[in-house]
Structure formats: structure tokens, C-alpha cells
Amino acid sequence: MFLIAVVLIHIGLIYLFESGLATRIIHAAEPPIETTIVQDVKQRDAPPPPPPPKMERPPVEVPPPDVVINLPAEPTSTAITNTTTKHVEAPPPPRAPDVRTRAQLDVKHSPPTDDYYPPTSRRMNETGSTTIDVCLDDGGKMQGDPKVAKTSGSTRLDEAAVRWGTHARFIQGTLNGKPVAGCTAFLVTFKLVD
């Protein structure tokens, strides 16, 4: 009996599909499809931001150390204890401590970092700061290319910072007012400004 009921149900379902009645029921039940045409809004590229302001570090001057000289107390006697006819020269004045200034960026004669901002980094909104070491000889000439001392995390920005450093101009560091050779670290920042 159960088998006959199953066979009748299958025959009924086949009849519904063959006659198209099932398709008409589905089409009658489904809602109509509505479409709306939306136009894409073009986004205009914002103009490139101006370069970040260049910050110069003031030279660091080390104050001279405090020197305390303990001398034994002189006796308060008024008697003359030692006389001489020789001229006694005063000791030379103490030597002043060395004053060292580090090399500085010559802002007037250096290109802005924005000129070296990689276009791909601009498109990807990639920003960062790279520290480069610049070595100058005692004549003020750059010795070799600048080296990356601390990465920004982006190879493109690091390479751009080194390119900028090769074209930048620097004011020579000094020791007691005389130019000296040395290496100085400079922070090169690439930042998008609205």
C-alpha cells in the first residue's frame, strides 16, 4: 500500500513538471525583477601635497665641565717667609673645552623631498621616515653615497631618501671653528599632505 502511494506521488510530480504547471506556479509566486542603472562617479585625483616643513636641529653645545681644585689653606701669618728676585710667570690660562658643531642641511640649496617622492608610493598612500648617514670630508665634499641607517619599512621610500641625499647640500661640521670630516644622520620624511 505504501509503495502504491509513493508511485502515485511520483506520477503526480512528473505530470506537474511535464504540463508546465509547476513552472507557472513558481513564476506567479516570484516578484518582478527591478533594475536601476547607477552611473559611476569619477573620483578626481587630489593634487599632490606640499612637502613637509624641513626641521633643522640646532647645534648641540656641550657646556664645559665644572672643575673643583682643592688647595690647602694658606697660613694667615703676616710674616714674610720667602722672597725672591726672579720674575714669576703666571700659569697659562686653562684651555677652553672643544666646541663641536655637526653638519647641517643647507635648506636654500637642497631640493625638497617631495621631488623625490616615488609615484607608486603616492598612489598607495605610503608614507614614512628614513634615517640616512651622510659622510663629508674636511673640505665639505660628500664621501660616497648616503647610507640607510634606519629604514622606513618601505624599500621605495628608502631608495628615494638616498637619491635625495645625493642631491642635497650640507653645511660642514666644525671643531673649534675649523671644518672637520665626519658622518651625520639626517631624517628624511615622505608624508602626504592634503
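Laboratory data are not the source of any read-out in this text; all were calculated from the coordinates shown. From a predicted model like this one, the values you see are computed outputs, not experimental measurements. Cβ atoms come from the backbone with ideal geometry, glycine included; neighbour counts cover every protein chain shown.
Brief remarks follow.
- Summing charges over neighbours of N176, with a neighbour being any other residue whose Cβ is under 15 Å away from its Cβ, gives +1 when K and R count +1 and D and E count -1.
- Taking other residues whose beta carbon is less than 14 angstrom from the beta carbon of R156, and scoring Lys, Arg as +1 and Asp, Glu as -1, yields 0.
- Net +/- balance of residues flanking C135 in space, Cβ distance below 15 Å, scoring K and R +1, D and E -1: 0
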